[in-house]
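J.: Mind having a look at this structure? Questions to follow.
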Amino acid sequence: MAMTPANDAFTLNTRYSYTHSPRRSSTRSPSPTTTALGKLTRRNTSNPRRLSHGANGTTTSTTTQLQDIGEDVTREADVGRRSRSPEVKKIDWEIPRKLLHSSIGFFVVPLYTRGIVARPVIIVLSGALAVISAADLARFTVGPFERLYERFFGFLMRASEKHKVNGVIWYLIGVLISLKAYPLDVAVVSILILSWADTAASTFGRLWGPRTPPLPARVPLLPFLPRSARARSLIALPFAPRKSLAGFLAASLTAGLIAFGFWGWVAPLCASSTAVWTWDDEIVGGWLGLGVLSLVSAVIGGVAEALDVGSLDDNLTIPVLTGGGIWGFLRLVSALFQ
């Protein structure tokens, strides 16, 4: 009777005799000690003169051989550790992009101190927005123009922006909304926070972000409500998942310094300025008022930089939310204390 294979025994319910299969041979990579001993054996076999005769000679040869073994083991163990060590991820600092992003602020301050009003600036920026938007549209529809565009301006774009609207367009739209909707000094501060605080958050977030905890997904605005309350989950600030505590603190500190320096020193330099905050303000004037306004601007700037507002670009949301928050705070204080 032919023997039934083992994998068919359960199906056919047929008896069969077990046969002892040979043990599997496990192949292991030689350890550093085994490799070193093998080298030593081959070295001594090929050159038997290395072993000296006599008591003193034998002792000296053995000591030298043991030292060679120790050096070989240490060397090969170091090589093994280096080969197993994880590769350090290289940080892309996006230096050209950050230089362009932060350079806008250095043009805004001189324009404000020279008393240039918002209307001509809005006209110029609107023309630039029309040209860049047309070029971006042609980039999506004309293949040769796309290659030419990325050849000259690709170093300023992220890889994700090559298949969606350029961030410069959102930058210009955010600046135009701020100049049109808010007082000039509030608009300038919101543009400076976009230019410098966003750059600081990106830089320090890449540098120290992995060493600090990430921001929570949602922060309730009414924490005193019960945990089961639906309003607590609805009335909350949604933070972007990639934001870290280091980036948030960098953005907040930079925004606070911007507000402190602008309303403390830059705004008084403009003779024709009608700033919403002045040193002799009856409600929040003086050093105390400047400190409170700077602290509020720091919180608003940090939160605006970390927020996740759907699919909107942060170049659009940061100046709009920052200017609206600061302007709303000043209006609220004025309404409460008048």
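J.: Considering the stretch 82-103 alone, what residues qualify as being modelled with pLDDT under 85 and in a helix (DSSP H, G or I)?
T.: Going through the stretch 82-103, the residues modelled with pLDDT under 85 turn out to be 82-97.
Residues satisfying the conditions are 82, 83, 84, 95, 96, 97.
J.: With respect to residue 186, determine if the residue is surrounded by 18 or more Cβ atoms within 10 Å (Cβ to Cβ), touching a residue at least 24 places away in the same chain (Cβ under 8 Å) and under 22 Å from the mean Cα position of the chain (by Cα).
T.: no
J.: A follow-up question, please. What number of residues within the stretch 269-286 are modelled with pLDDT of 85 or more, loosely packed, with under 13 Cβ neighbours inside 10 Å and touching a helix residue (DSSP H, G or I) at 6+ places or on another chain (Cβ under 9 Å)?
T.: Counting residues in the stretch 269-286 that are modelled with pLDDT of 85 or more, loosely packed, with under 13 Cβ neighbours inside 10 Å and touching a helix residue (DSSP H, G or I) at 6+ places or on another chain (Cβ under 9 Å) gives 2.
J.: Determine whether residue 217 is among the small types (Gly, Ala, Ser) and surrounded by 21 or more Cβ atoms within 10 Å (Cβ to Cβ). Give the steps one after another, and end with the answer.
T.: Numbers: among the small types (Gly, Ala, Ser): yes; surrounded by 21 or more Cβ atoms within 10 Å (Cβ to Cβ): no.
In short, no.
Condition check ((1) at pLDDT 85 or above; (2) closer than 20 Å to residue 272 by Cβ; (3) of a type in the set (Asp, Glu); (4) under 22 Å from the mean Cα position of the chain (by Cα)) across all residues:
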residue	(1), (2), (3), (4)
105	yes, no, no, yes
108	yes, yes, no, no
112	yes, yes, no, no
122	yes, yes, no, no
126	yes, no, no, no
132	yes, no, no, no
136	yes, no, yes, no
147	yes, no, no, no
154	no, no, no, yes
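J.: Looking at the stretch 156-180, which of its residues are among the small types (Gly, Ala, Ser) and at pLDDT 95 or above?
T.: Quick first cut of the stretch 156-180, residues among the small types (Gly, Ala, Ser) only: 159-160, 167, 174, 178.
Result: 174, 178.
J.: Right, here's the next one. Can you tell me which condition residue 278 does not meet? The list is (1) in contact with a strand residue (DSSP E or B) (Cβ under 7 Å, 6 or more places away or on another chain); (2) among the β-branched types (Val, Ile, Thr); (3) without any contact (Cβ under 8 Å) to a residue 24 or more places away in the chain, and all the others hold.
T.: Result: residue 278 passes all but (1).
J.: Okay, moving on. Considering each residue of the stretch 109-136, count those that are closer than 20 Å to residue 261 by Cα and not in a helix (DSSP H, G or I), and give that number. Working first, answer last.
T.: Looking only at the stretch 109-136, we keep the residues that are closer than 20 Å to residue 261 by Cα, and these are 109-116.
Filter once more, keeping what is not in a helix (DSSP H, G or I): 114-116.
So the answer is 3.
J.: Filter the stretch 287-313 down to the residues that are assigned to a helix (DSSP H, G or I), surrounded by fewer than 18 Cβ atoms within 10 Å (Cβ to Cβ) and not hydrophobic (A, V, I, L, M, F, W, C) and list them by number.
T.: To start, the set of residues in the stretch 287-313 that are assigned to a helix (DSSP H, G or I) comprises 287-306.
The next check asks that each one be surrounded by fewer than 18 Cβ atoms within 10 Å (Cβ to Cβ); those that pass are 287-288, 291-292, 295, 299.
Residue satisfying the conditions is 291 alone.
J.: So residue 264 clears everything in (1) among the small types (Gly, Ala, Ser); (2) closer than 30 Å to residue 161 by Cα; (3) outside any loop (DSSP other than H, G, I, E, B) except one condition, right? Which one?
T.: (2)
J.: Examine the stretch 166-185 for a residue that is aliphatic (A, V, I, L, M) and outside any helix (DSSP H, G or I), and state whether such a residue exists.
T.: We begin by selecting, within the stretch 166-185, every residue aliphatic (A, V, I, L, M); these are 168-169, 172-173, 175-177, 179, 181, 184.
After this cut, where a residue has to be outside any helix (DSSP H, G or I) as well, the list is none.
Scanning the stretch 166-185 turns up no residue that is aliphatic (A, V, I, L, M) and outside any helix (DSSP H, G or I).
The values are calculated or read from the model by the stated rules, or taken from the named source; none is laboratory data. Predicted model only: the values in this text are computed from it and were never measured. A quick note on method: Cβ atoms are made from the backbone with ideal geometry, for glycine too, and the neighbour counts reach across all protein chains shown.
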